[in-house]
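Asks: Below is one structure. I have some questions about it.
The values are calculated or read from the model by the stated rules, or taken from the named source; none is laboratory data. Since the model is a prediction, treat every value here as computed from it, not as a measurement. Glycine gets a Cβ as well: all are built from the backbone with ideal geometry, and neighbour counts include every protein chain shown.
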Amino acid sequence: MARTGKTTSASSAELRRTLLAWYRTHARDLPWRRTSDPYAIWVSEVMLQQTQVATVIPYFERWMRRFPTVTALARSRTDDVLHAWQGLGYYSRARGLLEGARMVERELGGRIPGDVATLRRLPGVGPYTAGAIASIAHGTRAAIVDGNVERVLCRLDGARGDPRKQPLKAELWRRAEALVPARGASTFNQALMELGAMVCTPKAPGCERCPWQGPCVARASSRQAELPEVAQRARPSALHTVAALVERRGHWLVKQVPAGALRWAGLWSFPHAEIAAREAPARALGRALGTPVTQVEHLRTLQHSITRFRITLDVYRCSPRARPDGRYVTPTQLQALAMPAAHRRIADDLTSVGRAPVPARAKTRSRP
DNA sequence: TACACGTGGAT
DNA sequence: TATCCAAGTGT
């Protein structure tokens with residue numbers, strides 16, 4: 001590994017020893033650390049992909065109650081699985097977990113594999129997750145490199161370059177592999193991530209509390225803030241959308257996002273469409289419904305953002321001229337559907353009050 | 001490789 | 001308020 005600092009590098013044995021000593025007294029008590037059930041570890045690792053620990057905890061606990069075993073999950077329906085995932089985002093993770101559970105039941109005798117190569121066959125299990133399940137659930141000597149490990153190792157070694165790209169990416173994996181002990185890979189890997197999460201944080205790292213402050217090249221050269229050299233992400237672009245609230249005899253109109261859709265596949269939402277800069281809302285609403293609307297009343301505006309869009313969502317109560325696309329459901333049924341977060345907010349509004357929310361302002365013009 | 005995927009917490 | 005970004009993976 002390229003080192004630019006003059007600090008003498010510590011041996012792997014010394015790094016392990018000091019890290020594990022630190023971890024013994026600083027490990028957080030997390031739900032998935034109270035079990036060695038490979039299924040639970042698998043669920044937690046998938047939930048934790050790009051998602052903060054605090055967000056995951058309640059989802060994990062609910063999930064384990066609802067789908068306690070891989071067998072239980074394998075026998076569940078996509079709708080229920082997505083509902084349990086509702087609000088967590090990256091919904092392909094939930095579908096992958098379900099597919100993977102069925103694969104485990106069908107092809108792997110109901111047992112979650114302990115080796116990286118077999119784990120990689122499961123949908124949604126990439127290099128990180130395979131290493132995590134292998135090591136944490138089975139004690140297999142497997143390396144992991146996640147965002148935490150990446151940051152810790154880049155700083156430790158003073159590594160230049162983008163850790164998400166070659167060649168540094170491969171170098172970090174080799175470094176992690178050299179560091180994992182033959183025995184105790186589970187604890188070691190968790191300790192390494194914990195260090196990144198609790199001490200070697202992206203901003204304002206707690207170097208004075210760090211067990212690796214001695215050998216750390218970044219600290220020695222005061223470059224903690226510059227490392228790792230992650231590429232800055234693209235600015236999210238603005239997007240304006242409208243959603244149609246259509247009520248008929250106490251039922252609300254919803255649509256299911258097609259299974260093959262890129263986003264929100266299989267989830268339910270209120271009919272919605274993108275609206276152009278100077279386009280009349282009624283026109284966009286007509287597009288969302290598949291039929292022109294005769295009356296339009298603005299109810300509220302929501303802001304949300306997804307991956308690369310910052311979305312303004314204007315919600316309108318409206319009346320379609322003809323039979324619109326979609327399905328009418330009762331408020332109770334609405335509760336049971338898996339919806340994207342923004343639409344879930346609208347639905348909860350509807351069901352908690354028992355009626356449509358109060359209009360934000362006076363009625364907007366109606367456009368036949 | 002470069003994007004695309006969701007959401008909410010933290011600063 | 002704006003931006004960053006969190007136990008990544010799939011295409």
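Asks: Answer yes if at least one residue in region A:96-109 is buried (at least 18 other Cβ atoms within 10 Å of the Cβ), in the same structural domain as A:Glu177 (by TED's automatic domain parsing) and in a loop (DSSP other than H, G, I, E, B), and no otherwise.
Replies: No; the residues of region A:96-109 include none that is buried (at least 18 other Cβ atoms within 10 Å of the Cβ), in the same structural domain as A:Glu177 (by TED's automatic domain parsing) and in a loop (DSSP other than H, G, I, E, B).
Asks: Of A:Pro38, A:Pro68, which residue is in the same structural domain as A:Cys216 (by TED's automatic domain parsing) and more than 24 Å from A:Glu177 (Cα to Cα)?
Replies: Sole residue among the options that is in the same structural domain as A:Cys216 (by TED's automatic domain parsing) and more than 24 Å from A:Glu177 (Cα to Cα): A:Pro68.
Asks: Scan region A:136-189 for residues that are within 23 Å of A:Ala220 (Cα to Cα), of a type outside the set (Gly, Ala, Ser) and away from DNA strand B (no atom under 16 Å from the Cβ) and jot them down.
Replies: Passing the criteria: A:Val149, A:Val152, A:Leu153, A:Cys154, A:Arg155, A:Leu156, A:Asp157, A:Arg175, A:Leu179.
Asks: Only one of A:Ala197, A:Ala231, A:Ala191 is modelled with pLDDT under 95, closer than 24 Å to A:Pro127 by Cβ and within 11 Å of DNA strand C (Cβ to nearest atom); which?
Replies: After applying the criteria, what remains is A:Ala231.
Asks: For A:Arg300, state whether it is part of a strand (DSSP E or B), within 16 Å of DNA strand C (Cβ to nearest atom), among the charged types (D, E, K, R) and buried (at least 19 other Cβ atoms within 10 Å of the Cβ).
Replies: Yes: the conditions hold for A:Arg300.
Asks: Of the residues A:Thr7, A:Thr18, which single one is buried (at least 17 other Cβ atoms within 10 Å of the Cβ) and modelled with pLDDT under 95?
Replies: Criteria check complete, one pass: A:Thr7.
Yes or no, residue by residue, for (1) among the hydrophobic types (A, V, I, L, M, F, W, C); (2) within 11 Å of DNA strand C (Cβ to nearest atom):
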| position | (1), (2) |
| --- | --- |
| A:Ala134 | yes, no |
| A:Val149 | yes, yes |
| A:Gly158 | no, no |
| A:Gly161 | no, no |
| A:Arg175 | no, no |
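Asks: Okay, moving on. Between a residue in region A:338-351 that is over 15 Å from A:Leu82 (Cα atoms) and any residue that is assigned to a helix (DSSP H, G or I), which pairs come within a Cβ distance under 8 Å, given they are 6 or more apart or on different chains?
Replies: Hits for this filter: A:Ala347/A:Leu334; A:Ala347/A:Gln335; A:Leu350/A:Pro331; A:Leu350/A:Leu334; A:Thr351/A:Pro331; A:Thr351/A:Thr332; A:Thr351/A:Leu334; A:Thr351/A:Gln335.
Asks: Name the residue that is farthest from DNA strand C (Cβ to nearest atom), counting only residues in region A:253-297 that are of a type in the set (Gly, Ala, Ser) and either part of a helix (DSSP H, G or I) or closer than 12 Å to A:Gly326 by Cα (or both).
Replies: Top of the filtered list is A:Gly286.
Asks: Ok, one more. List, please: which pairs have Cβ atoms under 9 Å, are six or more places apart or on different chains, and start with a residue in region A:259-280 that is over 19 Å from A:Leu302 (Cα atoms) and without any contact (Cβ under 8 Å) to a residue 40 or more places away in the chain and end with one that is in a loop (DSSP other than H, G, I, E, B) and among the small types (Gly, Ala, Ser)?
Replies: The qualifying pairs are A:Ala259/A:Ala265; A:Ala259/A:Gly266.
Asks: If A:Thr55 satisfies every condition in (1) part of a helix (DSSP H, G or I); (2) more than 10 Å from DNA strand B (Cβ to nearest atom) but one, which is the exception?
Replies: Evaluating A:Thr55 over (1) part of a helix (DSSP H, G or I); (2) more than 10 Å from DNA strand B (Cβ to nearest atom) leaves (2) as the failure.
Asks: Scan region A:113-131 for residues that are touching a Ser or Thr at 6+ places or on another chain (Cβ under 9 Å) and either part of a helix (DSSP H, G or I) or at positive phi (or both) and report the count.
Replies: 5
Asks: Within region A:15-39, work out how many residues are in a helix (DSSP H, G or I), within 18 Å of A:Val70 (Cα to Cα) and free of Cβ contacts under 8 Å to residues at least 60 places away in the same chain.
Replies: 2
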